[in-house]
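This report refers to the structure that appears directly beneath it.
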Amino acid sequence: MTDLTADTLRRTVLTDSARIRRRNASERRFRMLGIIAVTIGVLALVGLLTSIFSSGLSSFRQTYISLDIYLDPAKLDKDGDRNPATIAKVSTFGYLPLIETALKDAMAAKGVAVDGLNAKTAAALISKEAPADLRKLVLADPANIGQTVHFNLLAAGRIDGYYKGRVTMASAELDSNVSPEQLMLADKLKTAGILTSSFNWSFFTAPDASDTRPEAAGLGVAIIGSAYMMLIVLVLSLPLGVAASIYLEEFAPQNRFTDLIEVNIANLAAVPSIVFGILGLAVLINFVGLPQSAPVVGGLVLTLMTLPTIIIATRAALKAVPPSIRDAALGVGASKMQATFHHVLPLAMPGILTGTIIGLARALGETAPLLLIGMVAFVREYPRSPPEGFFDPASALPVQVYNWTQRGDPAFIERASGAIIVLLVFLLCMNLIAVILRRRFERRW
């Protein structure tokens, strides 16, 4: 080997080594950037969940005042005939003195007292919703009149907030809704066992409440409204989306018309959801005349919004089936429809179900289109069972969250965070169902 050849080889090796070092350094930088990006994403998610759970978990506990209340017949049933119509004439104001008397007797029996507080001021520790709850108990069973019933009454929002860290003695001095003396009385009632805290089941079953009763607000109507809408979306979007996908992918001829349809489906999937709300308001409510705030309108709007997602996911699942499956079915004498429905569709079912559930999960969290069709209205009455309930006023989980965040009382912010947790649990369950169904129906070829 000549000196020239050796020198050339040495320079080539050095050059290649430098190039390899630069390539390896570039790969390390890219790997580091990827790790940094993932870390930032995880930290952002952890921060978001920490913020939601720290402010929302307390909504699943509620403060109650347990009293033995004597249902005086002289105040609730003056005629003494237990006539439901006569008993129903007694308003919540007629039940308030009974609650005040029961609290006064309980404080006297336990030796609880705070200087500067009279019976009426002490009764302010009890929610304004309590007389209405007691009235419902009597109307449900008039035989309770004349008896002493043990009843757990909701504590007022400020008292509940005191035991959740929202209210302090210092803030109570500046608050017109509660005083430091009332907080001291609450502490003594808790020591005496009259005031307790337990799991807040009414958060899942109670309807919304007025601005002055945040402690009584619940998700009952919103959960039912969301369930009705999801039922409508599932019944309409799944068969329509799958049928359209099968036709476009397996039977439709390839021409400009089908290309135009495919382009429009892709464009509809990217349209902002509020546009579908405008469509629902203009067509379904103003033109067709369907009632506002009804689950049927919300379900139809969300169906239109979900259809493109289901069609795209279904077509992708159908395309993933190898052509050899179709060719083998046709080769043994099956018709085009038999090959599609007996062989291709079962193999594509995991992808179809996954796309459908993901589309439903997206529809469950939509807020903007529901705001435009009036589902932000204050609704306290539960919708009836289907099909009549589809046309009754109702709310929805994301709209309820929006509604509570617009109110000034901090207790509603806590309720909104709790509703977000409930919504996240529903979304997590739907995605888990999608994973389970995909693995259950997945076939290998």
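The values are calculated or read from the model by the stated rules, or taken from the named source; none is laboratory data. Since the model is a prediction, treat every value here as computed from it, not as a measurement. Cβ atoms come from the backbone with ideal geometry, glycine included; neighbour counts cover every protein chain shown. For the accessible areas, the whole protein counts, side chains as well, though only heavy atoms, and no ligand, DNA or RNA atoms are used. Shrake-Rupley method; radii C 1.70, N 1.55, O 1.52, S 1.80 Å.
Looking across segment 123-143, just one residue is of a type in the set (Lys, Arg), part of a helix (DSSP H, G or I) and surrounded by 18 or more Cβ atoms within 10 Å (Cβ to Cβ), and that is ARG135. A single entry from ALA363, ALA394 fulfils the requirement of being part of a loop (DSSP other than H, G, I, E, B) and not aromatic (Phe, Trp, Tyr): ALA394.
Going by the conditions given, is VAL301 within 23 Å of the chain's Cα centre (by Cα) and either in contact (Cβ under 8 Å) with a residue 40 or more places away in the chain or within 22 Å of LEU238 (Cα to Cα) (or both)? Taking the combined requirement at face value, the residue satisfies it. Filtered by the rule that a residue be under 30 Å from ASP327 (Cα atoms), among the hydrophobic types (A, V, I, L, M, F, W, C) and assigned to a helix (DSSP H, G or I), segment 205-256 gives LEU238, LEU240, VAL242, ALA243, ALA244, ILE246, LEU248, PHE251. Would a scan of segment 319-342 turn up a residue that is touching a Gly at 6+ places or on another chain (Cβ under 8 Å), at pLDDT 85 or above and surrounded by fewer than 23 Cβ atoms within 10 Å (Cβ to Cβ)? Looking through segment 319-342, at least one residue is touching a Gly at 6+ places or on another chain (Cβ under 8 Å), at pLDDT 85 or above and surrounded by fewer than 23 Cβ atoms within 10 Å (Cβ to Cβ). Hey, any hits in segment 218-233 for a residue that's of a type outside the set (A, V, I, L, M), surrounded by 19 or more Cβ atoms within 10 Å (Cβ to Cβ) and more than 30 Å from ASP133 (Cα to Cα)? No: zero hits.
The residue that is nearest to VAL221 (Cα to Cα), counting only those in segment 366-387 that are in a helix (DSSP H, G or I) and open to solvent by less than 20 Å² (accessible area, probe 1.4 Å), is LEU370.
Cβ-Cβ distances below 7 Å connect the following pairs, each with a first residue in segment 419-439 that is in contact (Cβ under 8 Å) with a residue 24 or more places away in the chain, a second residue that is outside any helix (DSSP H, G or I) and not aliphatic (A, V, I, L, M), and a separation of six or more residues or different chains: LEU423/GLY365; LEU427/GLY365. In segment 277-297, the residues that are under 18 Å from ILE224 (Cβ atoms) form Cβ pairs under 9 Å with partners that are in a loop (DSSP other than H, G, I, E, B) and hydroxyl-bearing (Ser, Thr, Tyr), at six or more places apart or across chains, as follows: SER293/SER395. Only residues that are open to solvent by 60 Å² or more (accessible area, probe 1.4 Å) and in contact with an Asp or Glu (Cβ under 6 Å, 6 or more places away or on another chain) were counted across segment 39-90, and they come to 0. Can you find a residue in segment 388-405 that is at pLDDT 85 or above, of a type in the set (Ser, Thr, Tyr) and open to solvent by 20 Å² or more (accessible area, probe 1.4 Å)? Scanning segment 388-405 turns up at least one residue that is at pLDDT 85 or above, of a type in the set (Ser, Thr, Tyr) and open to solvent by 20 Å² or more (accessible area, probe 1.4 Å).
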